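What follows is a set of notes on a single structure, which appears directly below.
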């Protein structure tokens, strides 16, 4: 089974694809979708969607996991990140891929054992857990971390998966 992890950002969205066989995780690919900040928001969101759609079509993941947003003091930045997260969650959903969400603390605790680990610690653990993976940057490492976290927690989400399968049939019949 293939999983894609996504680390949302409007300027840079990290992504990482893993394969799960039993308890074994294998790195497939990772990268970052970058969009130019000088473009209008609508164009940036469209570019983000198109890039993610292309990644999904290339790697055919069966499940997706997205990092939940951290709400900052700057409401404008938080709102823009919310727009990006919407697009990031929409892309797999339109491809009938179930989407799970995890808070940054849960992701870090799953990888490092501490919910307040640094990005560098996450990158180090991702490289340790996924031999041969060399994340392009911290955003890609975070995305791989999201995917690893989902691999560890996905059975807890089985009720959500059953709900998704029933909704998927409804979407396909429309």
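Since every read-out is calculated from the coordinates, none of them should be taken as a lab result. As the structure is a prediction and not an experimental result, all values here were calculated from the model. A quick note on method: Cβ atoms are made from the backbone with ideal geometry, for glycine too, and the neighbour counts reach across all protein chains shown.
Both radii are taken from the alpha-carbon atoms of segment 13-63; with Rh as the Kirkwood radius, Rg/Rh is 1.10. For the chain, what is the calculated [θ] at 222 nm in deg cm²/dmol (nearest 500), taking -39500 (n - 2.57) for each run of four or more DSSP H residues and dividing by its residue count? Theoretical 222 nm ellipticity from helices: -17000 deg cm²/dmol. In terms of overall dimensions, segment 1-154 has a Cα radius of gyration and Dmax of 14.4, 45 angstrom. When the Gaussian network model of the chain links Cα atoms closer than 10 Å, the mean-square fluctuations of 118, 69, 110 top out at 118. Compactness check for segment 104-152: Cα Rg over 2.2 N^0.38 Å is 0.96. Rg and Dmax of segment 31-112, based on Cα coordinates, read 13.6, 38 Å. Contact order, relative form, for the chain: 30 percent (alpha carbon pairs under 8 Å, 6 or more residues apart, mean separation divided by residue count). Entry note, segment 1-72: relative contact order of 37 percent, from Cα contacts under 8 Å with a spacing of 6+ residues. Packing, as the average of other Cβ atoms within 10 Å across residues, places the peptides 95-105, 38-48, 138-148 in the order 138-148, 95-105, 38-48, highest first.
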